[in-house]
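Structure first, commentary second.
The numbers here are math on the coordinates, done by the rules we state, and not lab data. On a predicted model such as this, the values are computed, not experimentally measured, just so you know. Cβ placement follows ideal geometry from the backbone for every residue including glycine, while neighbour counts extend to all protein chains displayed.
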Amino acid sequence: MIGVTEQAKEELKELLVSNVDDPRACLRIQADDAGQLGVTIDIEMPGDQTVEYEGSTLLVVEQELAERLSHVDIDVEDIEEGRQLILVEKSA
């Protein structure tokens, strides 16, 4: 499963709360046909890998994609335009 740092969980939670009113909603990482990753708003589906934060499901990833991303963590980086989510290799 993809890892998520505490800072990234906080950023993802803010993104979710500021865009969604449905308590069942969470964020989903998905890949398009070209392999580009994106984050969408969705609900948890059977078989999804989940990331919990503050007692609720924050992030879901389809099982196959979660396995492909098991070597990375989602983190946050401060840039001139603000904060952005990044993928970093897990340290050994």
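Structure values in brief
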quantity	calculated
Theoretical ellipticity at 222 nm over the chain - DSSP helices of four or more residues, -39500 (n - 2.57) apiece, nearest 500	-6500 deg cm²/dmol
Gaussian network model of the chain, springs between alpha carbon atoms under 10 Å - residue of GLN63, GLN36, GLN49 with greatest fluctuation	GLN36
Most fluctuating residue given options VAL39, VAL51, VAL61, as computed from a GNM of the chain linking Cα atoms under 10 Å	VAL39
At R0 = 35 Å, FRET efficiency that the Cβ-Cβ distance of GLU89 and ASP21 yields, to 0.05	0.45
Residue with peak Gaussian network fluctuation, the chain [Cα springs, cutoff 10 Å], from ASP48, ASP78, ASP33	ASP33
Three-way shape call for the chain based on the alpha-carbon gyration tensor, with the a/c threshold at 1.5	rounded
Proxy reagent accessibility, fewest Cβ within 10 Å first, across ILE2, ILE43	ILE43, ILE2
Likely footprinting exposure, LYS13, LYS90, fewest C-beta neighbours within 10 Å first	LYS90, LYS13
